[in-house]
Amino acid sequence: LFVEAPLAAGSTLTLDGASANYLGNVLRLAAGAQVKLFDDVSGEWLAEIAEAGKKRMTLTVVEQLRPREPVPDLWLVFAPIKRGAIDWLVEKATELGVARLMPTITHRTIVDRVNLERLRANSIEAAEQCERTALPVLDAPEKLAALLRAWPEDRILFFADESGGVPLPEAAAAGAPRAAILIGPEGGFTDDERAAIRALPQARGVALGPRILRAETAAVAAVAVWMATAGDWS
Ligand code: SAM
């Protein structure tokens, strides 16, 4: 379970709201039961329920189970897509180990606002399910042009280009310890955007097979391929 409070052996914390409801009413845990907590700072800890109330739980932190693990240094830059699909994309990218989620507004992005609270909640829930102890960073949306202007020197940008490119497994096999994947919106990139992205020295136009994938499918396929070739699936 993710908790905002910093965790330390012997500390006690009080949970209420959704967390208390989950432990008390969904898992129906009573005093004495043990749970695993993580705070996205100090790793995963074993905690014991000291008092179990309907709306409030008091827990005592017992011991650290594992440190906060390093996650593969992969950023996922994606044009926000419609609700449902974007929720699924965030959940899958979190499960697959993405370090940073960067919603990016492109010319054909049809979504006019991104609900970051909802996406953060999805990401936390996915991290709890897949037992990540480090949450992905979730950025506020940024325009593509601004993102390209500030792009870091040392980070390869695999640009999933539906109009064609080097097959991603080949491009990723060249090794890219710090990388990013860029996925367009339902309507794809404009020619001007394609030219601006390809003008970036760090950009690599990549293909994800011969078919036109939905943006969320392309995101998950690209992340999985990068993780399997340049990342760490040991
Ligand atoms: N409307 C565009 C078209 O029909 O050509 C397709 C956009 S596609 C639905 C959304 C995004 O997924 C694209 O911008 C691209 O980033 C990625 N994508 C989809 N299929 C791809 C492929 N075969 N190779 C590389 N990227 C792909």
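Accessible area ranking (1.4 Å probe, heavy atoms, ligands and nucleic acids excluded), largest first, for E162, E170, E193: E170, E162, E193. Dividing the Cα radius of gyration of the range 137-204 by 2.2 N^0.38 Å, with N the residue count, gives 1.10.
Would you kindly state how much longer the chain becomes between A18 and E153 on full extension, computed as 0.36 nm times their sequence separation minus their alpha carbon distance, in nm to one decimal?
Numbers: separation 135, 0.36 × 135 = 48.60 nm, distance 4.19 nm.
Taking A18 through E153 to full extension adds about 44.4 nm, to one decimal.
Shown are W88, W233, whose ranking by accessible area with a 1.4 Å probe and every protein chain present, most to least, is W233, W88.
Among E51, E95, the sequence by solvent-accessible area, most first, with a 1.4 Å probe is E51, E95. Solvent-accessible surface (1.4 Å probe) assigned to M102 amounts to roughly 10 Å². Spin-label pair A9-A174: with each label point 7 Å from Cα along the Cα-Cβ axis, the two points sit 4.8 nm from one another. Less than 5 angstrom separates the built amide H of F158 from those of A180, I181, L182, R204, all sequence-distant by 5 or more or on a different chain. Mind grabbing the base-10 log of I(q)/I(0) for the range 87-147 at q = 0.12, 0.18, 0.24, 0.25 Å⁻¹? Debye formula, identical points on the C-alpha positions, no solvent, two decimal places. Normalising to I(0) and taking log10 leaves -0.29, -0.62, -0.96, -1.02. Taking a ≥ b ≥ c as the square roots of the eigenvalues of the Cα gyration tensor, the range 70-203 is oblate, since a/c reaches 1.5 or more and a/b is not larger than b/c. Accessible area of V71 (1.4 Å probe, protein heavy atoms only, ligands and nucleic acids ignored): about 50 Å². Here the chain carries DSSP beta bridges of which approximately 45% are antiparallel, counting only pairs with both residues inside.
For Cα pairs less than 8 Å apart in space and 6+ apart in sequence, what is the mean separation divided by the residue count of the chain, i.e. the relative contact order in percent? Across the chain, relative contact order equals 19 percent.
Solvent-accessible area of L29, all protein chains in place: 50 Å² (probe radius 1.4 Å, heavy atoms, ligands and nucleic acids excluded). Taking a ≥ b ≥ c as the square roots of the Cα gyration tensor eigenvalues, with a/c under 1.5 meaning rounded and otherwise prolate when a/b beats b/c, else oblate, which class fits the range 177-234? Note, shape of the range 177-234 comes out oblate.
Please give the contour-minus-distance gain from A121 to L213: 0.36 nm per residue of separation, less the Cα-Cα distance, rounded to one decimal in nm.
Stretched fully, the A121-L213 segment lengthens by 30.5 nm.
For the range 136-179 versus the range 26-69, the spacing of their alpha-carbon centroids is 38 Å.
How big is the Cα convex hull of the chain in projection, averaged over all directions, in nm²?
Details: hull surface 53.3 nm².
Its Cα hull, projected and averaged over all orientations, spans 13.3 nm².
Test of understanding: what is the full-extension gain from V62 to T190, defined as 0.36 nm times their sequence separation minus their Cα-Cα distance?
Working: separation 128, 0.36 × 128 = 46.08 nm, distance 5.45 nm.
Separation in residues times 0.36 nm, less the Cα-Cα distance, equals 40.6 nm.
The values are calculated or read from the model by the stated rules, or taken from the named source; none is laboratory data. Here the structure is a predicted model, which means the values were calculated and not measured. With ideal geometry, Cβ positions are generated from the backbone for all residues, glycine too; neighbour counts draw on all protein chains shown. Just so you know, the surface numbers come from the protein's heavy atoms only, side chains and all, with ligands and any DNA or RNA stripped out. Shrake-Rupley method; radii C 1.70, N 1.55, O 1.52, S 1.80 Å.
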